1. Taking segment 247-296 as the region of interest, what is the percent of Cα-Cα pairs per 10 angstrom bin, listed from the shortest bin to the one with the maximum distance?
2. Pairing the Cα long axis of helix 309-324 with the longest principal axis of the chain, what angle in degrees results, from 0 to 90 and rounded to the nearest 10?
3. Give me the distance in nm between label points sitting 7 Å out from Cα along the Cα-to-Cβ direction at residue 27 and residue 207, one decimal.
4. On the Cα set of the chain, report Rg and Dmax in Å, please.
5. Once both axes come from the Cα atoms, what is the angle between helix 263-288 and the longest principal axis of the chain, in degrees from 0 to 90, rounded to 10?
6. Considering every pair of different Cα atoms, what Kirkwood radius, in Å, is found for segment 135-324?
7. Which percent of the Cα-Cα distances in segment 5-112 go past 17 Å?
8. What is the extension gain from residue 166 to residue 181, computed as 0.36 nm multiplied by their sequence separation minus the C-alpha to C-alpha distance, in nm to one decimal?
C-alpha cells in the first residue's frame, strides 16, 4: 500500500451518527459524523490504554472512549479525562492521529498520508462521464488477496474467455489485439479489442485505434483504487478496490444506468445487475485468491505477454507513486 494517496475506503451510508470501526490499509480506523454531518476519521486507539473508540459514543460533539470516558474533539485532541476532573488540564500527549476525509458521489475517501502530512488542496476526482442522470446500486464483496491483485484482474483482458466463458467472456475471443492505452494525469483508459483466433497475427498496441471511433466501450482506471467499465452512454460498472490489509480487499461494485426510469422495473433491474456482477466477480475471485505472492503484486516471479499492457501501466504508476514519496 502506498502512502500519500486519496483512497476510497467506504460508502457514505456506512457512516452514521454512531462511531463506526473498520480496518483499512492495515490500520484500525474509526469514522463518525460531527454535528454538521461531516464524516471524521481517526485511528481507532484511545491514547490512554489503546481501547477501541468504535465501542464508544458521541457526547457533546466529542467521541468518547468506552473504557474510561476520555473525550476527543474533532481534531483528535483529548479535552476531558473524567478521572482527573473537569477542571484538570489534559496533558499534551493525549490525542488521536487522524486522516483528512473527502466525501462525494456516495463514497468516502481518506488521504492516507504520513503522520502530520497535509492533504493536497485538490480533492480526489471521480469519473467525468458519470452525471446525475445515472442512478446506481452497489454490492460489496470480500476478496482474500492484496488490493493490487484485484485491480490487475479488472485490467486483464486475456482471462475473459477462460474465467468467464459462460458470462461476459462468451464467444471464445482468445486473441488480445492491443490493447490500446491512453494515459491521463490521474490514471489511464484501456481500449479492448479481443477477437476469435483466425490465424492472423495479433495487432500491437500501436496498431489499434485509440480511442476507437467505432464504439463507446472502454475501461478507465483512476489511481490508486477506482475503475470504470464504460459499457454505453446509459450503462456503467464502477469498482472501488478497498484495501483492508496486505492480504484482504473489499470490492465495492456499482451498477449505473439511465435507461429505466420507472421505480418498479428500475428496482428489479438494479437488483438483477447487482446479482450478475457478483456472479462475474466470484468467477474472478476463485482464481485471483490463488495467486502468489498475495502481498503487493509487483510481478516478482511472473512472466508477462503483450496483452498484459494495462497491468504493466498500473505497475508503472505504482512505481512512480513510491518514488514520489521517497
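All of the numbers you see were taken from the coordinates with simple rules; none came from a lab. Only a predicted model underlies this, so the values are computations on that prediction, with no experimental measurement involved. Here the Cβ positions follow ideal geometry from the backbone for every residue, glycine too, while neighbour counts run over all protein chains shown.
1. Reading upward from the zero bin: 21, 39, 24, 13, 4.
2. Once rounded, one gets 30 degrees.
3. Distance between the two pseudo-spin positions: 4.9 nm.
4. Reported Rg and Dmax, both Å: 22.4, 83.
5. With both axes taken from Cα atoms, the answer is about 80 degrees.
6. With all distinct Cα pairs of segment 135-324 included, I get 17.5 Å.
7. 49
8. 2.7 nm
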